[in-house]
Structures are given as C-alpha cells and as structure tokens.
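Novice: One structure coming up, written as structure tokens, with questions to follow.
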Amino acid sequence: MKGGGWVVEQRKDEKEKSIWYKIQSIDVKWIYLIQMIVISYPLLRPIGLPLGTISEETMGIYNYLNNLPEGSIVLHCVNMGPTAAAECLPGLIAIVRHNVELGHRLIFYTNTATGVPYIEEAARAALGTELRDHPDYGTKYVNIGYIPQGTTGFSGFAADIFFTTTDAYGNDLKTTFFKDLPTKTAADFDFGITYGSGNFAWIITYLRDPWGVPCGGGIAAGLAADAYAYYPEKTPGFLVGLRGGAEYELLIKKPGLAAAGMDAQSLAHLSIIIMVIIGNIGYFAARARGRGGE
Amino acid sequence: MSMVEVEILVTLSAAAITLALFSYLWRENLAFRIAEHAYIGSAVGYGALITAEGAKRVLMPKLEKGEYIWLLTVLVGLLYLGFFARKWFFLYRYPISIVMASGMGVYIARGVKTNLIGHALNTIMIKDWQTALLAVGVICGLFYFYSTAEHKGPMVYMSKVGRWFLMAAFGAQMGLHVMARTSLVIGRIRFLLFEYPAYYLIPVAFILVAAGIVWDYMKKK
C-alpha cells in the first residue's frame, strides 16, 4: 500500500511538472495583468477595428424612434448604478441626443437611488447644459427623479403622473410639460426605454402591457438573454451593452465613449478566446498523455 | 476650498478607491479592505438619503392636502427599527410583510399575464423554423428537470436534447456576462488613464504593489 502511494505521488509530481498541466494552471494574476494591458493599449492608441454589421435590435429601436412624429413623449427610465454605467451610459447619451435632434419631449425617471446622477450626466452630455438650467426644461424636458419602491412606485406614477406633484427640483408638475396630456397617465407616453442592469421584463410588465406603450431598452449585456424573450413581439429593439451603445453612436453619426471603447472590448475578447483555446489544448493534451501512461 | 479643488479631491479619492479595489487582484490587503468598507458605507448612506428624499416627495403633497392617514406609512416604516432590539424584533416583520405583500400583489396582477401566459403563448405559436426550434428547446429543457417519473425511452433523448439547449443558453449568458464585466473594466481604466489628476496615482499604486510583492518575498525567505 505504501509503495503504491509513493508511485501515485511520483506520477502526480511528473504530472504537475508537465507543460500541459502548467498551461491549465497559470496564476490568475498573470491573466489579470494581460487583460489590463490588452484593455489599456487600445484606449491609449486606438486601433480602429471595424464594428461589423449593426444588429437588428439596435436598428429596431433606432428606426422606431426615427419614425415617431416630432413632439412625441419618450420616457427614459434610468435604472442604472455604477455597475452598469460603463456599458449603458454611452447608449443612454446617444439615444437622448437622437431624441433631442428629432424634437421629442423627454421625461426622465429612475426607480433606483443610484440612477439620479446618471440622468444629470446624460442630459449634460446631450443638451450641453445642466438639465434644470436648459431653456426648454419644463416644456420639452422634465426630470421626475427617483420614486422609491421600484415597480410599486412606478405603478403609482403610471396610474397618476402627478403622483409626486413636483419634479426632481421641486417644480410643480401641473404647470407646463403635462398640461396638454389627455389622460395624465402613462397611456399618454409614446415610447418607454429602460436603461441599466435591472431586468428588462419590468418595463414590459408595468408599462407596455398595462398601458399599451411600446418599450425598448439600453441594457447591460449580462441581461440581454432575458430581453430576447420579448423580441420582436413585445419590443421593437434594445441596445445590448457597450456594443449596442457603439452601434447607436454610429447610426446617429456621433461616435462617443462606446465607439472608443470597442477596440478595447474586441481585444479583451480576443485575448480571452486565445486563453480559453490554450487552456483547452492543455487539458486535452494532458488527458491524452494520462491515458497513454495508463 | 474652491470648486476646482473639490473636484480634484473627488477625482483623486475615486482614483485611489478604484486602485485600492483593483489591488485585490494581487491579494487581499489593507487598502482593499478600507476601500471596500468605504464603498459599502457611502453606498448605504447615499441610498438612505436619496430614498428618504424620494419618500418625502411622495408623502408631503398628500399631507399638504390634509390627508393625514398617510402618516401611517411613516409609522409602519419606523417599525423597521425593531430589527435592532431583540425585544422588539417582531415589529420588524410587519413592514417587511406589507412591502412583500404589496410587491407580490402588484406583480401577480401584471407579471403573470406578461411573463407566464405571454411567454407560454409565444412559445406555442410557431411561425418559422426559429420559433419551432425555441419550442423544441423549451419542451426538451422542461423534460430535463422532470423528475416525477424515471427517464426511459424517448424521454432520455428529450432530456439529452434539453441539456444541450440549456448548455447553449448558459454559454450565451456567460459570453454576455464576460462582455459586461469587460465593459466595467474599460470604464474604470478609461477613468484612470484620462481623468485629471487620476493618472498620477497609477505609478504610486504600482510602486506600492511592487513593494508589497518584495515584502512578501522577503517574508517567505
């Protein structure tokens, strides 16, 4: 028994020394370092890798917004936090820019506390001024701000637009923006878009289905698989992560943060694919050698 | 302190916290722990403040109209404080159950129609080969989790096909998650490389990590 154990130990040592075994167990610190370099390089020196064809979902939301008549009311639900901002904020800025160009009336709203600063940031980037200081604030743009209790809070707002009576800055909601709306409910909106890492289903469940408002999204890539369940029956389209944002920036011919980040995104993916291939070569080679030895 | 100085200080703090959190990639360390606690603390503080402001915006107009019945919601909210005392802990269950019940009520009214009936209808309405494939995937995927009877005959093949569909779905989900996490790193690296004066902290962080690695090595020896 003792001798047998020794043989097993010796085989284990030999196995651990083999290059195929080492390939499979590279210290993760090196992988992180490679990723850091691969991401930093194209940010410092852009390569200009092609983005490929614009996806159907991005084209869908772009075309839908393009075909809305001037002055249509678009609700922007900025439900994002720092975890999703890097990939969803560029898309939000691009869509707001496009809406401003088309002359739509925009409502900003969030059901997450962390969404508040991103409303301001997107408006600043698209309008060039602070949202509250814009001359059209109150007539073309309004910021409802944060309503607590997530979808329950949103349901209250959808059933009665004057649920909070004031906007995020304390102005009376009854004065200008909502003056000419017929029902003063969410049914008056022409389109709703949710942004961030919250699930996509909520806007379909609480806005599209009960109020008949078509909805889209600018969602974190990790949640895109859930959103496809509603496409194309219940949504004309949505932006998937940073790539969706980059596609939208190209469609409106205003390349920005997302397009600039796509080189880094592509190279990072390429390096991950290469590492997965190397790891698999190591695994299969080690397995083949193991079998040969037996 | 001028506005510009405040902005510089904020950017430097953000860069320091980002680098301290990244330092976890080397190993768990004091800088990471400080940044982690500061992040959680500030997130909770910010969330509490914004939520209180939001609640005030919803409540105040009703009180101004003389609808004092809404003050009950504040009382129910205060019951959450029962969490901190063993004697009054039971009170904490009331607001929790009210929030859960109202959330469930709103969801059942809307969610069942959209996410259960809606999805089921869309699955069985076969229009083209893609929707047919989807239907096959859903049915076989459900068979994979069916444990009431032993998998025999055609059920074996169906659950195998279901497993392949599930693995394809998990693979797609994983790929999208990698894309999402890479975007996060891109966002932080972009901030560190281009935001003034964040990039001044990069060499400082490298020197500190290098010193840490040397310290570890010396200790090992």
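Please treat every number below as a calculation from the coordinates, not as lab data. Fair warning: this is a prediction, and the values are worked out from it, not measured in the lab. Note: ideal-geometry Cβ built from the backbone for every residue, glycine included; neighbour counts use all protein chains shown.
Novice: Per DSSP H run of at least 4 residues, take -39500 (n - 2.57); add these up for chain A, divide by its residues and hand me the 222 nm value, nearest 500 deg cm²/dmol. Can you show the working numbers first?
Specialist: Values: 10 runs with 146 residues, N = 294.
Mean residue ellipticity, 222 nm, calculated: -16000 deg cm²/dmol.
Novice: Hey, got a sec? Which GluC sites (Glu not before Pro) in region B:4-39 land in a DSSP loop and have at most 11 other Cβ atoms within 10 Å?
Specialist: Answer by residue number: B:GLU28.
Novice: In peptide A:143-155, how many Cβ atoms from other protein chains are near each Cβ within 10 Å, on average?
Specialist: Mean shielding by partner chains, rounded to a whole number: 4.
Novice: Just add up the charged neighbours of A:VAL74: K/R +1, D/E -1, any other residue whose Cβ is under 12 Å from the Cβ of A:VAL74. Don't jump to the answer; show the numbers that get you there.
Specialist: Values: positive: A:ARG105, A:LYS140; negative: A:GLU70, A:ASP188, A:ASP190.
Value of the local net charge: -1.
Novice: Okay, moving on. Take each of the peptides B:120-126, B:160-166, A:88-94, average the number of other beta-carbon atoms within 10 Å over its residues, and list them starting from the highest.
Specialist: Details: B:120-126: 12.4, B:160-166: 16.3, A:88-94: 29.1.
By packing density, highest mean first, the sequence is A:88-94, B:160-166, B:120-126.
Novice: What helices does chain B have that are whole DSSP H segments, at least 20 Å long along their own axis by Cα, and with mean Kyte-Doolittle hydropathy of -1.0 or more?
Specialist: Counting only whole DSSP H runs, the qualifying helices are B:3-22, B:30-64, B:93-111, B:129-144, B:154-194, B:201-220.
Novice: What is the angle, in °, between the Cα long axis of helix A:82-102 and the longest principal axis of the Cα atoms in chain A? Nearest 10 is fine, range 0 to 90.
Specialist: 40
Novice: As I understand it, the value is the acute angle between the Cα axis of helix A:241-251 and the longest principal axis of the Cα atoms of chain A; what does it come to in degrees, rounded to 10?
Specialist: Approximately 60 degrees, to the nearest 10.
Novice: What relative contact order, as a whole-number percentage, does chain B give when Cα pairs under 8 Å and 6 or more residues apart are counted?
Specialist: Normalised by residue count, the contact order of chain B is 22 percent.
Novice: While we're here: Rounded to the nearest 10 degrees, what's the angle between the helix A:28-44 long axis and the longest principal axis of chain A, both from Cα atoms, 0 to 90?
Specialist: Once rounded, the angle reads 50 degrees.
Novice: With a/c under 1.5 counting as rounded, go ahead and sort region A:56-255 into rounded, prolate or oblate using the C-alpha gyration tensor (a ≥ b ≥ c being the square roots of the eigenvalues; past the cut-off, prolate if a/b is larger than b/c, else oblate).
Specialist: Verdict is rounded for region A:56-255.
Novice: Hand me the GluC sites (Glu not before Pro) from region A:54-87 located in a DSSP loop with no more than 15 other Cβ atoms within 10 Å, in residue order please. Provide the component values of the computation, followed by the final result.
Specialist: Working: sites: A:GLU56, A:GLU57, A:GLU70, A:GLU87; in loops: A:GLU70.
Here the GluC sites (Glu not before Pro) that fit, given the DSSP loop and packing criteria, are A:GLU70.
Novice: Restricting to Cα pairs below 8 Å that are 6+ residues apart, what does the relative contact order work out to for region B:126-221? Please round to a whole percent.
Specialist: 18
Novice: Shape of chain B from its Cα gyration tensor (a ≥ b ≥ c, root eigenvalues): rounded if a/c is under 1.5, otherwise prolate when a/b > b/c, or oblate?
Specialist: Note, shape of chain B comes out oblate.
Novice: Evaluate E = 1/(1 + (r/R0)^6) for A:LEU33 and B:ALA43, where r is the Cβ-Cβ distance and R0 equals 41 Å; express this FRET efficiency to the nearest 0.05.
Specialist: The calculated FRET efficiency here is 0.90.
Novice: For chain B, what does -39500 (n - 2.57) per DSSP helix run (n ≥ 4), summed and divided by total residues, give at 222 nm, in deg cm²/dmol to the nearest 500?
Specialist: Mean residue ellipticity, 222 nm, calculated: -26000 deg cm²/dmol.
Novice: Among the DSSP beta bridges whose two residues both lie in the protein assembly as shown, what percent are antiparallel, rounded to the nearest 5?
Specialist: Working: 1 of 25 bridges.
Rounded to the nearest five, the antiparallel share is 5 percent.
Novice: Next question. With springs only between Cα atoms under 10 Å apart, run a GNM on chain A and tell me which of A:ALA225, A:ALA84, A:ALA125 wobbles the most.
Specialist: With Cα springs under 10 Å in chain A, the top fluctuation among A:ALA225, A:ALA84, A:ALA125 is at A:ALA225.
Novice: When ranked by the protection proxy of mean other Cβ atoms within 10 Å per residue, highest first, what sequence do the peptides B:61-73, B:12-24 form?
Specialist: Answer by packing, highest mean first, reads B:12-24, B:61-73.
Novice: Considering only DSSP beta bridges whose two residues both sit in chain A, what percent are antiparallel, to the nearest 5?
Specialist: Details: 1 of 25 bridges.
Among the beta bridges of chain A, antiparallel pairing accounts for roughly 5 percent.
Novice: Further question on the same structure: Could you derive backbone 3J(HN,Hα) for region A:144-161 from the dihedral phi with the Karplus parameters 6.51, -1.76 and 1.60 (θ = phi - 60°), listing whole Hz in sequence and x where the residue is Gly or Pro?
Specialist: With coefficients 6.51, -1.76 and 1.60, one gets 6, x, 9, 10, x, 6, x, 6, 5, x, 5, 4, x, 5, 5, 6, 8, 4 Hz.
Novice: Name the shape class, rounded, prolate or oblate, that the alpha-carbon gyration tensor gives for region A:216-294, where a ≥ b ≥ c are the square roots of its eigenvalues, rounded holds for a/c under 1.5, and otherwise prolate holds if a/b is larger than b/c and oblate otherwise.
Specialist: Oblate.
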